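The values are calculated or read from the model by the stated rules, or taken from the named source; none is laboratory data. The structure presented is a predicted model; accordingly, all values stated were derived computationally and were not measured. Cβ atoms come from the backbone with ideal geometry, glycine included; neighbour counts cover every protein chain shown.
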């Protein structure tokens, strides 16, 4: 858990590694008194013009009094951050709280040599996050009119900046609470920086292999050989202190001896030598390091600590790290032709981008893509994923013109909220396929240092589906889908035509298509493939053209038994031509072929000007893959709506309430709010709980009912029984005092076997369907909102729907409609439909509350009564605690 820093207490959790605009890395941290000499050095290196812009005066050196003031801060009213590379300060940002405790003055100073790298905007983001944490809501600044670069930092941040000119100075003022625009600006800058950093790794201008060996079969030997034989277009340098000639080229004893600059260093030395090599890379100005060396995780916590130190060392010197234990990287673009991997030859070129984590999974994924003849644009094996992650690759793929679809095999996920945000954006233009370990989020693979989840088992999968991700179970399923989306047009609907040369097989395939949610518009089984090639192929093409021309048919599924005289390649070629003409995807399954030399699984049969057809060894896999693509295409075409921000929400008032309520909460303990405190907190977001009052005597109950208004409901406060009509824990529609007294006596007798429990009366709500809404703060996922129908549906059958805020209109619609029992909300067995829009509004307000306040550990509304007249919350359980730093906070920072 993260507590606010006290006066003078160094807030270590504010430290972060950051990616700069040009893809380089740097370290950001709060300033410390020991930085005085470094600040003086920074100042003396600045030009006179820069000094004047910052101080409105010329200062050759800072006085000891100024250094003391600049470096000794309390981290509450006065905060300063420095950004460093290789230990040198390249930027300083600070704020000082003004007389108005909600406002602070902010100022920046960026090193002349590092202007234009986005340092000012990063400092502003982190200062704003720290200021909000300390109760500051507005920033002000004074800037000279000629300091256009700093004026641009403020104006481009996405805040609503007010400015006026007075006495030769531009005065600025703006609210620092995140807005849609400021978040969009931050995400766009983050995207450009991270995409650029990965581009420098995948398309380096030059490569050095450190640990290149003469010994055949060693990792260093193979990596060097594969880079050379793959035809890499830039210079390649072999580094080995004991070899004069390697792979027909002169080698160098040290990296410092290389005559030209090195952009990417590939490290294949024993793991204990890796830190020294990374130091040499930093001294040589290397931009990225791929660590093929393993051995870090075998030493348990000590190995993990060495791995973390390796990443810290690299990032602090401006370098990204792939690995350790990386299988390598591949880029098939002819202008690059990089095969820095253990694969013996450069992959077939194509539109599929692939990412894997552990080397073993990387080998399996790469082999599957090669076996299926799937053309790749890029491939990256992250190994232990200590730095470069799947999120980074998605940032790169979004802008990469060579990539049309992407596939990721994930064993852990360090920043799910960021993954969801990036995947949702990427999936709007390119299909994203994810295979993940079934234990992902629940336990850690070796070498992976991330949080684990406490959310329900399917919450992470729900987050992926919410983001448009095509979720699969295995590598083979990933490639099943990838074959279609990487080379075929997307279907525009669920209507399909099924073709077969067997009536029985065609019927089986059609039934399978229906069970997968596809609509079979035509079933064609009269195909005669035994008429010889000269007659059968033209007839097949013509029949396919005619059926695919049907506007209700959006894709074709072909299942063929072996035909005399017709090869799989010839048949697939005819399918490819018909598919290309119609602009509709066609998938094919060739079953019953016993000859292992006949290729039936993968991309087969290029036609005249047509891409190969995705082929499968069994029709079930073809149908399952196509149905997954149809669901994705429907998601991509659907209007997702804007993120919902309901009227009448007051986050500042809720924040003030939470500060007061958390004043005596320590460590990881949780506090369950009293009903009055919970009702007041929820009211800040327009959420109203039906009023209730407890009582001891019958007279008190009658008086309470009079205040609440007749009729009333009578309930036990026991959390297990209070919703159980069948066990006598609830009595409804009590009309008068006499009836209330009688029901109290009867309820106490009925509940006596369960022990004594207090009772309460509550305003009576209309009759309706009991539902449950729950929101939690998960260590891995952040906020998660869940919905289900109260009772056995959720208690026994786990019939929940989960979504991760912020929620769009489409997300809210899906949340309420996803549980299997949700059919009861729309009129069921003669009952009237409920006001679903009212349920969606309650869910929207709850999601907004939970997204804004990580201090709220749990909110549960059980039941929410959904009626034709609206949605009524009958009980609310709210628990609060000290909040941990979320994995995707409102500041740019690399995963640590």
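Summary table
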read-out: Residue in the range 171-191 that is within 30 Å of residue 142 (Cα to Cα), in the same structural domain as residue 100 (by TED's automatic domain parsing), more than 37 Å from the chain's Cα centre (by Cα) and not in a helix (DSSP H, G or I) present; value: yes
read-out: Qualifying residue in the range 198-212 (condition: out of contact with any helix residue (DSSP H, G or I) (no Cβ under 6 Å at 6 or more places or on another chain), part of a helix (DSSP H, G or I) and buried (at least 21 other Cβ atoms within 10 Å of the Cβ)); value: yes
read-out: So residue 118, is it in contact (Cβ under 8 Å) with a residue 60 or more places away in the chain and farther than 30 Å from residue 268 by Cβ; value: yes
read-out: Residue tally, condition in contact (Cβ under 8 Å) with a residue 24 or more places away in the chain, closer than 26 Å to residue 57 by Cα and crowded, with 17+ Cβ neighbours inside 10 Å, over the range 148-171; value: 4
read-out: Some residue of the range 770-790 being surrounded by 15 or more Cβ atoms within 10 Å (Cβ to Cβ) and without any contact (Cβ under 8 Å) to a residue 40 or more places away in the chain; value: yes
read-out: Selection from the range 615-634 of residues that are more than 15 Å from residue 513 (Cβ to Cβ) and modelled with pLDDT of 95 or more; value: 615, 632, 633, 634
read-out: Qualifying residue in the range 599-606 (condition: part of a loop (DSSP other than H, G, I, E, B), exposed (fewer than 15 other Cβ atoms within 10 Å of the Cβ) and assigned by TED's automatic domain parsing to the domain that holds residue 515); value: no
read-out: One residue from 703, 676 being modelled with pLDDT under 95 and at negative phi; value: 676
read-out: Residues of the range 650-664 satisfying the condition of being loosely packed, with under 15 Cβ neighbours inside 10 Å and either touching a strand residue (DSSP E or B) at 6+ places or on another chain (Cβ under 9 Å) or within 30 Å of residue 492 (Cβ to Cβ) (or both); value: 664
read-out: Single residue of 290, 304, 250 found to be modelled with pLDDT under 90, in contact with a helix residue (DSSP H, G or I) (Cβ under 8 Å, 6 or more places away or on another chain) and not in a loop (DSSP other than H, G, I, E, B); value: 304
read-out: Answer from 123, 127, 98 - the residue that is on the phi < 0 side of the Ramachandran plot, in contact (Cβ under 8 Å) with a residue 40 or more places away in the chain, surrounded by fewer than 20 Cβ atoms within 10 Å (Cβ to Cβ) and out of contact with any helix residue (DSSP H, G or I) (no Cβ under 7 Å at 6 or more places or on another chain); value: 98
read-out: Filtered residues of the range 607-636 (kept if part of a loop (DSSP other than H, G, I, E, B) and under 18 Å from residue 563 (Cβ atoms)); value: 617, 618
read-out: Hits in the range 42-71 (condition: within 44 Å of the chain's Cα centre (by Cα), part of a helix (DSSP H, G or I) and surrounded by fewer than 13 Cβ atoms within 10 Å (Cβ to Cβ)); value: 44, 49, 68
read-out: Residue match in the range 730-744 (condition: under 30 Å from residue 853 (Cα atoms) and touching a residue at least 40 places away in the same chain (Cβ under 8 Å)); value: no
read-out: Helices (runs of 4 or more DSSP H) enclosed by the range 703-821 - at least 1 residues per element that are within 16 Å of residue 865 (Cβ to Cβ); value: 792-795, 809-817
read-out: Answer from 639, 595, 647 - the residue that is within 28 Å of the chain's Cα centre (by Cα), at pLDDT below 90 and either surrounded by fewer than 21 Cβ atoms within 10 Å (Cβ to Cβ) or part of a helix (DSSP H, G or I) (or both); value: 639
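Residue-wise test of (1) in the same structural domain as residue 613 (by TED's automatic domain parsing); (2) modelled with pLDDT of 90 or more; (3) touching a strand residue (DSSP E or B) at 6+ places or on another chain (Cβ under 9 Å); (4) surrounded by fewer than 22 Cβ atoms within 10 Å (Cβ to Cβ).
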site: 497; (1), (2), (3), (4): yes, yes, yes, no
site: 515; (1), (2), (3), (4): yes, yes, no, yes
site: 557; (1), (2), (3), (4): yes, yes, yes, no
site: 573; (1), (2), (3), (4): yes, yes, yes, yes
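Per-residue answers, yes or no, for (1) in contact with a helix residue (DSSP H, G or I) (Cβ under 8 Å, 6 or more places away or on another chain); (2) buried (at least 18 other Cβ atoms within 10 Å of the Cβ); (3) within 28 Å of residue 365 (Cα to Cα); (4) in contact (Cβ under 8 Å) with a residue 60 or more places away in the chain:
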residue	(1), (2), (3), (4)
485	yes, yes, yes, yes
494	yes, yes, no, yes
505	yes, yes, no, yes
576	no, yes, yes, no
